[in-house]
Amino acid sequence: MKITEALLAEHLVFHNLFDHIEVTAPRLKTLAEIKSLAALMESMLKAHSDTEDELFIGPLEHCFEQIGQRDAFLVEHQEIDDNLKRVQEAKRASQACQLLLAAVTYSRKHFDKEERIVFPMAERFLNSKTLAALGQTWMEQRTRMTV
Ligand SMILES: [Fe+2]
Ligand SMILES: [Fe+2]
């Protein structure tokens, strides 16, 4: 499997998670419930963003620099993580909910940018052997995480 296919498949799971959070979070009554939803999103997203940082930035460094997006890519991952950490500091359920929904909106924009710009760029600039080798590394990383 190509790395772009693997990451896109993960995106589909996140789109479902984001839909679920947007519907459920406003209905949750307690601060603890909202925080636990945010913690789930945080840990799932962290693994995804780390993979992109590790496997994508290196081979695509030139391309990212050409379109002026190298730092933006890393900064956005950090921003997503910070947004979700902020939910854990909230003192009221309504505030936590607002922060969580803002984090989801921000993440959606980031995902959209990757799907429109970054993944097609990877498919254009990396040959199929490299895409498959990175996909294999992704597979090994994910398998290791489950044992
Ligand atoms: Fe990302
Ligand atoms: Fe992504």
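When segment 55-83 is limited to residues that are charged (D, E, K, R) and touching a residue at least 12 places away in the same chain (Cβ under 8 Å), the one that is farthest from ligand 2 (Cβ to nearest atom) turns out to be ARG70. Does SER94 satisfy being away from ligand 1 (no atom under 16 Å from the Cβ) and either open to solvent by 90 Å² or more (accessible area, probe 1.4 Å) or not β-branched (Val, Ile, Thr) (or both)? Here the answer is yes, as SER94 does meet what is asked.
The set of residues in segment 116-136 being open to solvent by 50 Å² or more (accessible area, probe 1.4 Å), in contact with a helix residue (DSSP H, G or I) (Cβ under 6 Å, 6 or more places away or on another chain) and not aromatic (Phe, Trp, Tyr) consists of GLU123 alone. Based on this model, can you work out whether ARG108 counts as within 13 Å of ligand 2 (Cβ to nearest atom) and modelled with pLDDT of 95 or more? So ARG108 passes the test.
One residue alone among ARG86, ARG116 is free of Cβ contacts under 8 Å to residues at least 24 places away in the same chain, farther than 22 Å from ALA39 by Cβ and not hydroxyl-bearing (Ser, Thr, Tyr), and that residue is ARG116. Enumerate the pairs (first residue in segment 24-50 and open to solvent by 40 Å² or more (accessible area, probe 1.4 Å) and at pLDDT 95 or above; second residue anywhere and in a helix (DSSP H, G or I) and of a type in the set (Lys, Arg)) with beta-carbon separation below 9 Å, excluding pairs fewer than 6 apart on the same chain, so at least 6 apart or on different chains. Listed by first residue and then by second, the contacts come to nothing, as the list is empty. Residue-level analysis places PHE73 outside the set of residues that are within 16 Å of ligand 1 (Cβ to nearest atom), within 17 Å of ALA6 (Cβ to Cβ) and in contact with a Phe, Trp or Tyr (Cβ under 8 Å, 6 or more places away or on another chain).
The values are calculated or read from the model by the stated rules, or taken from the named source; none is laboratory data. Predicted model, so just to flag it, every value in this text is computed and none were measured. FYI the Cβ positions are ideal-geometry reconstructions off the backbone, even for glycines, and counts take in every protein chain you see. For the accessible areas, the whole protein counts, side chains as well, though only heavy atoms, and no ligand, DNA or RNA atoms are used. Shrake-Rupley method; radii C 1.70, N 1.55, O 1.52, S 1.80 Å.
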